[in-house]
There are 4 protein chains.
Amino acid sequence: MTQTRQILAEMINDKDSRPSRIFSACIQILIVLSLVTFSIETLPNLSPGTQRILFLIEVVIVSIFTAEYVLRVTFAENRLRFIFSFFGLVDLISILPFYIGLGVDLRSVRAFRLLRLFRVLKLARYSKAICRFHKALLLSKDELTVFGLLAGILIYLSAVGIYYFEHQEQPDRFGSVFHSLWWSIATLTTVGYGDIYPITLGGRIFTFFVLLVGLGIVAVPTGLISSALIEARRLEEKEETEKAERLAAVEPES
Amino acid sequence: MTQTRQILAEMINDKDSRPSRIFSACIQILIVLSLVTFSIETLPNLSPGTQRILFLIEVVIVSIFTAEYVLRVTFAENRLRFIFSFFGLVDLISILPFYIGLGVDLRSVRAFRLLRLFRVLKLARYSKAICRFHKALLLSKDELTVFGLLAGILIYLSAVGIYYFEHQEQPDRFGSVFHSLWWSIATLTTVGYGDIYPITLGGRIFTFFVLLVGLGIVAVPTGLISSALIEARRLEEKEETEKAERLAAVEPES
Amino acid sequence: MTQTRQILAEMINDKDSRPSRIFSACIQILIVLSLVTFSIETLPNLSPGTQRILFLIEVVIVSIFTAEYVLRVTFAENRLRFIFSFFGLVDLISILPFYIGLGVDLRSVRAFRLLRLFRVLKLARYSKAICRFHKALLLSKDELTVFGLLAGILIYLSAVGIYYFEHQEQPDRFGSVFHSLWWSIATLTTVGYGDIYPITLGGRIFTFFVLLVGLGIVAVPTGLISSALIEARRLEEKEETEKAERLAAVEPES
Amino acid sequence: MTQTRQILAEMINDKDSRPSRIFSACIQILIVLSLVTFSIETLPNLSPGTQRILFLIEVVIVSIFTAEYVLRVTFAENRLRFIFSFFGLVDLISILPFYIGLGVDLRSVRAFRLLRLFRVLKLARYSKAICRFHKALLLSKDELTVFGLLAGILIYLSAVGIYYFEHQEQPDRFGSVFHSLWWSIATLTTVGYGDIYPITLGGRIFTFFVLLVGLGIVAVPTGLISSALIEARRLEEKEETEKAERLAAVEPES
C-alpha cells in the first residue's frame, strides 16, 4: 500500500523518474484526443452512432482527468495552495462542466465548454524551455507596453482618418469609426482580407502613409523580442560564469 | 489657500506623489472616454436622446480638460515655453475646436475635430519607457532614411513595371502609374487586399521577382530596429558601468 | 584505366578539384532542367510532339542520374552506409520511379513522381554555408519547439472562439472547428486570402484580440532566429580566438 | 574662366562644399520631378495642352541632365572609367532614349523609357549611410544565398504539392505547376491576394504545413539582416577602438 502511494506520488510530482514521464505523456495524448473529439462534435450532420462514441470517449477522458486531479490534490504539499494555483484551477475547470452538465440542460453550458480547452495549457507545465521566453518577456515588458499603446493610437487614428476619406463613397463599409477600426486592424497587421479597402484617391494616399508607418507594427515587436532574447541569453551566460568564478574562489579556501 | 495651491501644483507637475498619480489616471480615463464618445457619434442613425447624452459628456470632458490646461499654464515654470511646447499645443488644440464650434457652424469645423484625437498622445507623456525607443530611433535614423529611400525607389519601379505588363489586359485597374502604385504598396507591404493583382504571365513573373526583393521591405526595418534596440541596451549598461566605476574611483579619495 | 578511375573518383568525391566542380555544376543544371520539364508536363493541352521531346529529355536525364548513382556507390568508402544515407536514398528515389514506371501503368505511379523533386535537395549538398544555419537551428531548437506548441494552442483556441462567434451567421463558412482552423491559419500567418472572414461584431472584436497576440506568431520565430544567428556567429568567433590562443600557447613551448 | 571651371569642378566632385550641396539638391528635385511627369504621362485621356507642357518639362530636364553628364565626364579624373562605371552608364541611359526617340518612332522606344527611371538610382550616390548596409550585406551574403535556394525549393515543392491536391477540383486556377507557382509565391510571402486558394481538405491541410514552414520565408531573412547589422556595428566599433589604441601607442613614442 505504501509502495503504491509512493509510485503514485512519484508519477505525479517527480519530473525525472520513468513512471512520471510515461504518465505525463499519456495525459498529453489524452488532452490532444479530447481536443480532437471536441472539434469533431462541432461537425454538422453527425450520426447518432458517432455521437454516442464521442460521448463515451468524453466520459473516459473526464474520468481519467478527475482521477488525476484527485491525485494531484492528495499529493500536493500545500493542498489549498494547489487548488487555487493557475494549473489547479485549469485542472478543475477542465472537468467541472461535464459534471454540472449532466444534471442541467447541456446546451446552455456549452459556451463554458470552451474553457475545457484550457486543458491544452497543461501541456505547458511539462516544459522547461519556457523559462527563457519568460525572462525575455520580463526584459521587454515595458517596451511592449509602450509599443502596444503606440500601436493602439496608430490603429485608432488610421480608423478615424480612413473614415473621413471613405465615409462618403462607401457608406455601408465605412459606416462609422467602428467599421473603420476593422479595416485598420486587418490592414496594419497586413492580413488584408479584401472585404473592405479604400477606393478614393485620398483614402489610398492616406493608406500609403499609414502602411509606411504601420510596417513598424510588425517590425517593432519582432525587434523587441529579438533583443530581449539575446539579452536573456547573455544574462544566463553571465550568471553561469559568475557561479563558476564563485565556486573557483571558494574551493581554494576549503 | 497656499496648501490647495501646493496640492494642485503637486498634482500637475510632480510625477511620484499620490495625488499626481490619481489625477493623471483620471485624465487618461477621460481621454479614452472622449475617444469612445467621438467614435459613437460617427455611428449612423443615432437617436436625438443619445446625441444629447453624447453632447453632455463632451461638455463635461472639455470643461475638465480646460481646467487642466489652465492649471498647467499657471503652474508651468516658463509659461510661454509651455504654451508653445508640443504638449502645450496638443492640450490647447484638443479643447479649442469645441469653443470655436459653439458660435460658428459645427459641420465645417468637424474636420478639425480630428485633431481632438491628439489628446490621446498626451497619454505618452506619462510614460518613461519611451526613452529606450527614442535612443534606438536616433541610432538607426540614418539607416531608416536610406532604407525608406530604397523602399520608395523599389515601390516606384515596381509600379512602373507592372504598369507595362498589365496595362493592356486590365486598362481599368492598371490605368496609370498612379493606379499601379496602389498595387505596389498593397503588395510590397504584403497586405494584398485582392482588389488589384496581375493576371498576365509576364506580370506574374515580374511580381515574383518584386516580392523576392520586396521581402526586404519588411525584413530590413525589423533588422534595423532589432540591432538598434540591442545597441541602446548595451550603451545603457556601459553608461551605468562607467558611472559605477567613477563613483568607486571618487570614493576612496573622500 | 586506373587513371580514368582516379579522375572519376575525384569528380565524384573531391570537392576542391576542377573536374569535380564542372561535374557538380552540370548535375545541378540537369536537376533544374528536370524540374522545368516536369513542370511543363503538367501543362494542359500538350501536343504529342512536345510530349515526345519531354520524354526524350527525361530519358537522357535519368540515364545520367543513374550513371552518377552507380559511380557514387562504386566510389563510396562504405557502400551500404552511402546507400542508406539521406542523399543516397534521395539519389535512388529520384531515378527509381522511372524504371518501375516503364513496366506498369504510368498514371498510378504519378503521385510518386513527386519524390523525384527531392533531386533538388541534392543541390544543398554542395553548399558549406548551411553550417551556420544548422548551428543556429540547434541553438534555438528548444525555443522553436515551445513556440510551435504555443502557436498551435493559439491557432486552436482562435478557431474554437471564432466558431462560436460566426457559426450562427455563416453556417457554411464556419461549419465546424475544422473550417475555423482554416480561417485561423490564414489569418494568424497574415495571409488573409479573403475567402473566409468574420462578419459579426463579436467575431471582429475577437479577431482584433487574436491578431494582437497573433503578431507574435510572426515576431517570435524571427526573434529566435535572429538571436540564434548572432549567438552562432559569436560562438564561431570564440572558437577561433581560443584556437589562436592555444596555438600561441603551444608555439613558445616548441 | 579658370575660376568658373573651379566652381563647376567643386560643384560636381566635392561633397562638402556649399555649391556642391545646392547643385546636388537641385538635381535630386529634378529627378523626382521627371519621375512625376513620367507618371502623369501614363494617365489616360490627357488633353493636348497637358501633353505639350509635359513634353516641355521633359526637354528642360533632359537638357540639364545632359549638361550635368558632360560636366561629370569633363571633370572626371579618369574619363573612360567614369563613362563605363555604374553611375556613368545610368547617367547616360537616363538621357539617351530622349535623343534617339526624337528621330525614330517614339512608341517603339517607349519600353526603353523605363530605363529613364534609373535616374532615381542616382539619388543613392549622395548618401553615406549606405555603407553599413553594404557591410551587413557582405556579412550575410552566403547565408542569404543558401536561404534563397532553400526558399526556392520550398516554393517549388509547395507548388507541386498544391497542384496534386487542387488540380482536379479547380482545373482552371491550378491548371499546371506554373499556375500553382503563382499561388505559392502569393501565399508564402503572406500577400494572399485571394484570387487563388485551396478548397479541398487535402489542399488546406497541405497549405497549413506549408505555411508553418513558410513563416521562415519571412523570419529567416529578417534574422539574417538583424544579426548582420549588429555584427557590422560591432566591427565598426572594434576598428575605431583599434585605431584609437594605435594612436595612443604611437603618441608616447613621438
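Each residue was assigned an accessible area with a 1.4 Å probe, and for B:Ile153 the value is about 20 Å². Taking all protein chains together, D:Val59, B:Val146 sort by accessible area into D:Val59, B:Val146, largest first [probe 1.4 Å]. In the complete set of protein chains, residue-level accessible area for C:Lys135 is approximately 60 Å², probe 1.4 angstrom. Listed cross-link partners B:Lys238/C:Lys238; B:Lys141/D:Lys243; B:Lys243/C:Lys243 are compared with a 28 Å cut-off, the Cα-Cα value being larger for B:Lys243/C:Lys243.
Between copies, how far apart are the A:Arg246 label points? List them in nm, one decimal, shortest first, with each point 7 Å from Cα toward Cβ, please? Relative to the other copies, A:Arg246 has label-point distances of 3.1, 3.1, 4.3 nm.
Per-residue accessible area (protein heavy atoms, 1.4 Å probe) orders A:Thr145, A:Thr74 as A:Thr145, A:Thr74, starting from the largest. The B-A contact accounts for roughly 3600 square angstrom of buried accessible surface, both chains included, probe 1.4 angstrom. For an R0 of 35 angstrom, estimate the FRET efficiency from the Cβ-Cβ distance between B:Leu33 and A:Glu242 and round to the nearest 0.05. It comes out at approximately 0.10.
Distances between copies at C:Ile53, taken between label points 7 Å from Cα along the C-beta direction, are 5.3, 5.4, 7.6 nm in increasing order.
By a 1.4 Å probe calculation restricted to protein chains, C:His134 has an accessible surface near 110 Å², given to the nearest 10. The D:Asp172 and C:Asn78 beta-carbon pair, evaluated with R₀ = 45 Å, returns a calculated FRET efficiency of approximately 0.30.
Annotation note: trypsin sites (Lys or Arg not before Pro) in the range D:1-70 located in DSSP loop regions with a Cβ neighbour count of at most 14 within 10 Å are D:Lys15.
For the range C:57-97, carbon and sulfur atoms together expose 73% of the accessible surface, with a 1.4 angstrom probe and every protein chain in place.
Remark: spin-label model distance A:Leu92-D:Ile100 equals 8.2 nm, labels positioned 7 Å along the Cα→Cβ axis. Legend: residues D:Asp91, A:Asp172, sorted from most to least accessible area (1.4 Å probe; ligands, DNA and RNA excluded), read A:Asp172, D:Asp91.
The values are calculated or read from the model by the stated rules, or taken from the named source; none is laboratory data. Computed from a prediction, not measured in an experiment: that's the story for all the values here. Glycine gets a Cβ as well: all are built from the backbone with ideal geometry, and neighbour counts include every protein chain shown. These accessible areas exclude ligands, DNA and RNA; they are computed on the full protein's heavy atoms, side chains included. Shrake-Rupley method; radii C 1.70, N 1.55, O 1.52, S 1.80 Å.
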